[in-house]
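This report concerns only the one structure given below.
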Amino acid sequence: MAEAAVAPERRSGELCGSIGVPGIVFLVVASAAPLTAIGGALPVMLAIGNGAGTPSAYLVVALVLLLFSVGYAAMSRHVTDTGAFFAFVTRGLGRRAGLGSAGLALLTYTAIQAGIYGLAATTLQGLVVQYGGPDLPWWLWALALVAVVGVLGYRNIDLGAKVLGVLLVLEIGIVAVLSVAVFVQGGPEGTSLTSFTPSSFATGSPGIALMFAIASFIGFEATSIYGEEARDPQRTVPVATYVAVVLIGVFYAFASWAVVTAVGASRVAAVAGEHPADLVVGVVSGQYLGPLGGHVLPVLLFTSLFAALLSFHNAISRYFFALGRDGALPGALARTHGRHGSPHTGSLAQTVTAVVVLAAFALAGADPVAQLFTWMSGLATVSVVVLMLLACTAVLVFFARTGLDGRTWNTRTAPVLGGVGLLGILVAVLANFTTLIGGSAALAGFFLALVVAAFAVGWSLSLRRRPVAGEVAPPTPVADPPQP
């Protein structure tokens, strides 16, 4: 009888979980797909960005995101909601702006997840063929991945966190082993700190390096999404946010410095241009890890991509849940599973949207990497920077209006500095956006229009009714004034 009484409460809009700091960190760091960033994005940054100064670009972005995280973490102590950016912007700037940000968040995570499906399916296809399996179309592998991710996403968040934890340890471990091997054996030009000098950072096109660097961090901000499923959200979410940013930033800077050392600072840009696809997985790993690296790294690259897919699936399904609970989307999305306590209807909806996007690209005959992955990554990069700027503004307004936290650094200075840094990164991204999505100005304009449209569609959802009796509204701090 006791269990029967609990189930309806969960179905009415209460998520269930006991995830701690390590679990949340695994979830969000996995979405950043560290091995994918080092194996895929890094060679491009080295070739057309600022070459040997690339490690500095990662540190600059990490510093900006740490400043952003100060206000973000401070607000998370007062707003515990699976809607994350949606909830934060709503508290600070009102429901219309909040729903606009929700539209941007769904666009960001849906786009980057679709792109990763293309890359993951292609990687899996290559592995299967390499080891004697059938050469099937990429979209069949993508659908198989959608099914596996959907099953894990349907269940309790603790299971997903455990799966991601194992995969994340493996991918970080192999890159750490490779990096240590480089510094132990030494590079052709020795080991130096040239990569971290201002002159090296300013070499070539630092704007392109910053653009790819911020793209490599997408997903870190999702820590607050899991607040309702955390054991102690007021402590867990802020700590997990800081740990995620520091871990990702240090990992990227160290691994990219190792690659620069392995090739040589004076040659790395040219060599990366000659080997954009296999600089790390092929050239560097083959030289420093031998044949074993050639077998292990491709497998772990795939598991890295799978971990990112599962993490973004969890994030999107929880946005659907939050919007259903708010009344902006159908209330069915706000149902939670009676046994797992998961947003299972939101998870199912996310699975359907993933299939629709993948089907559109497959029917159009698009290349899963050159088009699906590249285009969607570029779209997500612009969208997430705009989203973080909105969140910065919301933090400033929220604390100025409510006075819930009197710490000047946490509620004013750091958010302003973070916002200025994000604005600078947005300018760099827009200046190089055409390059990021493949060189078409018309396509770049279309994708930028999609960003505006996503915000506008979210804004228009404010015309829907709010939850009525029987529906569960998101928790609201007692000290908050009524929202418009």
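The values are calculated or read from the model by the stated rules, or taken from the named source; none is laboratory data. For clarity, every value in this text was computed on a predicted model and none was experimentally measured. Positions of Cβ are generated from backbone atoms using ideal geometry, with glycine treated the same way; all protein chains shown enter the neighbour counts. SASA here: full protein model, heavy atoms, side chains in, ligands and nucleic acids out. Shrake-Rupley method; radii C 1.70, N 1.55, O 1.52, S 1.80 Å.
Annotations
- Label-to-label distance, residue 408 versus residue 431, with points set 7 angstrom from Cα along the beta-carbon direction: 3.3 nm.
- Extending 7 Å from the Cα toward the beta-carbon at both residue 441 and residue 397 defines two label points whose distance is 3.5 nm.
- Subtracting the Cα-Cα distance of residue 355 and residue 199 from 0.36 nm times their residue separation leaves 51.5 nm of extension gain.
- Three-way shape call for the range 409-459 based on the alpha-carbon gyration tensor, with the a/c threshold at 1.5: oblate
- In the chain, a dipole from Cβ-located charges (positive for Lys and Arg, negative for Asp and Glu) runs towards its positive end, and of 411, 270, 257 it is 411 whose Cα lies farthest in that direction.
- √(5λ) per eigenvalue of the Cα gyration tensor, the range 93-200, largest first, Å: 33, 27, 16
- Computed over the alpha-carbon atoms, the chain gives an Rg to Rh ratio of 0.96, Rh here being the Kirkwood radius from the mean inverse distance.
- Rounded to whole numbers, the Karplus 3J(HN,Hα) couplings from phi for the range 109-123 are 6, 5, 5, 5, 5, 4, x, 5, 4, x, 5, 5, 5, 5, 5 Hz, using 6.51 cos²θ - 1.76 cosθ + 1.60 with θ = phi - 60°, and x at Gly and Pro.
- Alpha carbon Rg of the range 24-81, scaled by the compact-globule rule 2.2 N^0.38 Å: 1.44
- Placed amide H near residue 329: partners under 5 Å, 5+ positions off or other chain: 324
- For the chain, the solvent-accessible area works out to 36 Å² per residue, with a probe of 1.4 Å and every protein chain left in place.
- In this simple spin-label approximation, residue 155 and residue 299 carry label points 7 Å from Cα along the Cα→Cβ vector, and these lie 2.2 nm apart.
- For the range 301-337 and the range 265-292, distance of Cα centres in Å: 37
- Crossing angle, helix 21-31 versus the chain [Cα axis fit, 0-90 degrees, rounded to tens]: 60
- For the chain, with all protein chains in place and a probe radius of 1.4 Å, 70% of the accessible heavy-atom surface sits on carbon or sulfur.
- Model label zone, residue 144; criterion: amide N under 20 Å from point 7 Å along Cα-to-beta-carbon; scope the range 287-310: 295-310
- Each helix, a run of at least 4 DSSP H residues, gives -39500 (n - 2.57); summed and divided by the residues of the chain, these come to -22500 deg cm²/dmol at 222 nm.
- Cα centroid separation - the range 235-260 against the range 395-460, whole Å: 21
- Rounded tilt (10° steps) of 157-185 against the dominant C-alpha axis of the chain: 20
- Cα-based equivalent ellipsoid, the range 173-224: semi-axes from gyration tensor eigenvalues, Å: 26, 21, 8
- For residue 51, the shell of other residues with beta-carbons less than 14 Å away shows a net charge of -1, using +1 for Lys and Arg and -1 for Asp and Glu.
- One chain, two ends: residue 184 and residue 246. Fully extended at 0.36 nm per residue, the span grows by 19.9 nm beyond their Cα-Cα distance.
- Take the Cα radius of gyration of the range 267-319 and divide it by 2.2 N^0.38 Å, N being the number of residues; the result is 1.53.
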